[in-house]
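First the structure, in the form of structure tokens, and then the observations on it.
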């Protein structure tokens, strides 16, 4: 359903992605782990073109996009099929919880306001925050903000949701509610790519774990394969440090 | 949080008001000074059957008693003279007030037709402007505090002297300074009470038209005296830019000024404002 | 010389009569200047080719030269080269120069405010499929305006105060009135005490309005 081929990306002289291939099937959950600065987030951001890859192909559904020839219109189409959940939530500060969710419905999908609000309320119920509909982000806890932000991603009705370290900037006691919500989505067969540091969570929720190092995918496999039979000493080292 | 339609409506409204404004602000009737008055005048004038030629006279409104504004009314010797000229020549007159230093620029760019600000005929100015018949004659003189012991030009050496910026006063003062090696500290002002600067002791002396100084001293009971060093004598007339449209009126205006000299109108105005006759050649 | 209270009181209705010129000039300047400022800020922020370096020069010119010089350049200087400008009334010349000048300052305030909005806000907009301009209009500018209000209020206050410079090219407004009344009566103390109080009052009212506006914008 989503297929990346040979993605390259440099920032100036620094090569961040050195030819990444990745394929995700409908309903699959893949977690990306690896040391900091190895291009995990960049890879994710390339998938919905917040970063433009220097080279490589992205195929999603009927779209077949080549970095060399992509047009603005194609980028907008790509973004309608993908949604992003950010580490620091990035909720629209001047919009209430509900307004954050329905923004894309009204503006992009051109759904009339009343139906949009109904759909928005459904989503708020799904993330368990219907009582916060008129609250501005600044009045919400980090966990609540991240759940609204997942709701905003759901409203796009994307083929795939991209999570960029969704719990990294949360206080420990707030991590649980967000992970629970993601697990719930996984059960509903939502296709997801999750960059995370939470090994145990990755093990729980992901069908496959990808280990990234130095701009490449070093190993891809089930959680068991990665944890029990790592193919590289770098992976062993990384995992042992996490569990210690 | 911000209502867009309302915003657009407000901006739209302002643009409409502005455009109306553009149409109406030709020359503000400075005598009344009010924008609305000017608009009303404009309407009345259109109804007038006889087409009156317009003339716009520039002055400063802070040059007592030649041209000044008091209680919102522009008045003074120059204003009386020009209202009389307009009456006798069937001209529709309006006054524009500005800083003195701005008046020359306004004259050169055609925004005003002439200047009523005790302007004197000089060789330099004659290159650019045609002057009317002279209407007044004045000496320039130094004024100092009454308790000052200065008497002659030599006493002024190294002293600070104030004059009007860009006027004949400044030009002549610089010439005197050079000629007599006075080493003066010349300070130029525009719209500043030079006489008060002398009285307060911030200036040692002022240099301006004798009539103007005398009138100001008397009106405000200033503790000043004139030094009676009358090195400069100037002839006041109204300038018109050579080749300008209104220059054609100059002959008629000159004739009116000659008439007003003869029938005593100018002398009367002068006595009214200065308590002396500055309109006869000494 | 003592303070002539009666003279001062007599000046007040005269001041108010000319207050409208000051107010109209200031409000029009603010509306036009703010509109231009937004256009400049958006073009500069979007880094539109050719235009945005040109506008940088514009901003640098109007910020880097005295307002009075700009006023004289347009009203007297350029009028000698372009005769069509002679038809421009002093009021409109002042309006144009004040607007262009204040736009330069306000565009910087707006640009700074736009840049102060977290980068993540724009990314979030783009990630759900909004275009650059949609993001600006719906999310970035509303947040930026809140940051910009104090600076823009300062600009407006400056406009009110600098509108008195229009007198130098012959616009009779409040300051001109005070100057002329003072010169003709030699009562500088009274005239300037009154005018300073009137300006102070206007600016205080503006300050009060600014506080109210900020409270309203601070709901989120």
In the list C:96, C:40, which residue meets the criterion of being closer than 29 Å to residue C:145 by Cα, within 12 Å of chain B (Cβ to nearest Cβ), buried (at least 16 other Cβ atoms within 10 Å of the Cβ) and within 24 Å of the chain's Cα centre (by Cα)?
C:96
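Quick check: anything in the stretch A:138-146 within 11 Å of another protein chain (Cβ to nearest Cβ), within 21 Å of residue C:119 (Cβ to Cβ) and surrounded by 22 or more Cβ atoms within 10 Å (Cβ to Cβ)?
Going residue by residue through the stretch A:138-146, those that are within 11 Å of another protein chain (Cβ to nearest Cβ) are A:138-139.
Pick out the ones that are also within 21 Å of residue C:119 (Cβ to Cβ) and you get A:138.
Now restrict to residues that are surrounded by 22 or more Cβ atoms within 10 Å (Cβ to Cβ): none.
No.
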Tell me, please, whether a residue that is buried (at least 17 other Cβ atoms within 10 Å of the Cβ), in a loop (DSSP other than H, G, I, E, B) and within 14 Å of chain B (Cβ to nearest Cβ) can be found in the stretch C:185-198.
yes
Note down all Cβ pairs under 6 Å where the first residue falls in the stretch C:119-133 and is within 8 Å of another protein chain (Cβ to nearest Cβ), the second is assigned to a helix (DSSP H, G or I), and they're at least six residues apart or on different chains.
C:121/C:139; C:125/C:135; C:125/C:139; C:128/A:104; C:129/A:76; C:129/A:79; C:129/A:80
Might you let me know whether the stretch B:198-217 holds any residue that is in contact with a strand residue (DSSP E or B) (Cβ under 6 Å, 6 or more places away or on another chain) and at pLDDT below 90?
no
Only one residue in A:110, A:80 is more than 10 Å from chain C (Cβ to nearest Cβ) and either in a loop (DSSP other than H, G, I, E, B) or within 18 Å of the chain's Cα centre (by Cα) (or both). Which one?
A:110
Just checking, does the stretch A:159-178 include any residue being facing chain C (nearest Cβ under 9 Å), touching a helix residue (DSSP H, G or I) at 6+ places or on another chain (Cβ under 9 Å), without any contact (Cβ under 8 Å) to a residue 60 or more places away in the chain and in a helix (DSSP H, G or I)?
no
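Being out of contact with any helix residue (DSSP H, G or I) (no Cβ under 8 Å at 6 or more places or on another chain), more than 10 Å from chain B (Cβ to nearest Cβ) and closer than 30 Å to residue C:173 by Cα: is that true of residue C:61 here? Please lay out each step first, then the result.
Numbers: out of contact with any helix residue (DSSP H, G or I) (no Cβ under 8 Å at 6 or more places or on another chain): no; more than 10 Å from chain B (Cβ to nearest Cβ): yes; closer than 30 Å to residue C:173 by Cα: yes.
So residue C:61 does not fit the description; no.
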Looking at C:4, C:45, which one is touching a residue at least 60 places away in the same chain (Cβ under 8 Å) and surrounded by fewer than 16 Cβ atoms within 10 Å (Cβ to Cβ)?
C:4
Residue set C:68, C:126; condition within 17 Å of residue B:104 (Cα to Cα) and part of a helix (DSSP H, G or I); output residue C:68
Qualifying position, being surrounded by 24 or more Cβ atoms within 10 Å (Cβ to Cβ) and away from chain B (no Cβ under 13 Å), among C:114, C:110, C:169, C:157
C:110
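Report yes if residue C:7 is closer than 21 Å to residue C:195 by Cα and within 11 Å of another protein chain (Cβ to nearest Cβ), otherwise no.
Working: closer than 21 Å to residue C:195 by Cα: yes; within 11 Å of another protein chain (Cβ to nearest Cβ): yes.
It is true that residue C:7 is closer than 21 Å to residue C:195 by Cα and within 11 Å of another protein chain (Cβ to nearest Cβ).
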Can you name the number of the only condition in (1) in a loop (DSSP other than H, G, I, E, B); (2) at the interface with another protein chain (Cβ under 9 Å from one of its Cβ atoms) that residue A:53 fails?
(2)
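From C:91, C:76, C:28, which residue is buried (at least 20 other Cβ atoms within 10 Å of the Cβ) and modelled with pLDDT under 95? Even if it seems obvious, please write down each step before you answer.
Details: C:76 fails: buried (at least 20 other Cβ atoms within 10 Å of the Cβ); C:28 fails: modelled with pLDDT under 95.
One residue alone meets the criteria, C:91.
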One residue is enough: does the stretch B:84-98 have a residue meeting the conditions part of a helix (DSSP H, G or I), farther than 19 Å from residue B:259 by Cβ and not assigned by TED's automatic domain parsing to the domain that holds residue B:165?
no
With A:99, A:74 as the choices, which residue is farther than 26 Å from residue A:218 by Cα and surrounded by 17 or more Cβ atoms within 10 Å (Cβ to Cβ)?
A:99
Which one is nearest to the chain's Cα centre (by Cα) among residues in the stretch C:142-154 that are within 11 Å of another protein chain (Cβ to nearest Cβ) and in contact (Cβ under 8 Å) with a residue 60 or more places away in the chain?
C:145
Within the stretch C:65-73, identify whether any single residue is surrounded by fewer than 18 Cβ atoms within 10 Å (Cβ to Cβ), free of Cβ contacts under 8 Å to residues at least 60 places away in the same chain and more than 30 Å from residue C:181 (Cα to Cα), and answer yes or no.
yes
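The values are calculated or read from the model by the stated rules, or taken from the named source; none is laboratory data. This one's a predicted model, so the numbers in the text were calculated from it and none came from an experiment. Every residue, glycine as well, gets a Cβ built from its backbone with ideal geometry; the counts of neighbours run over all protein chains shown.
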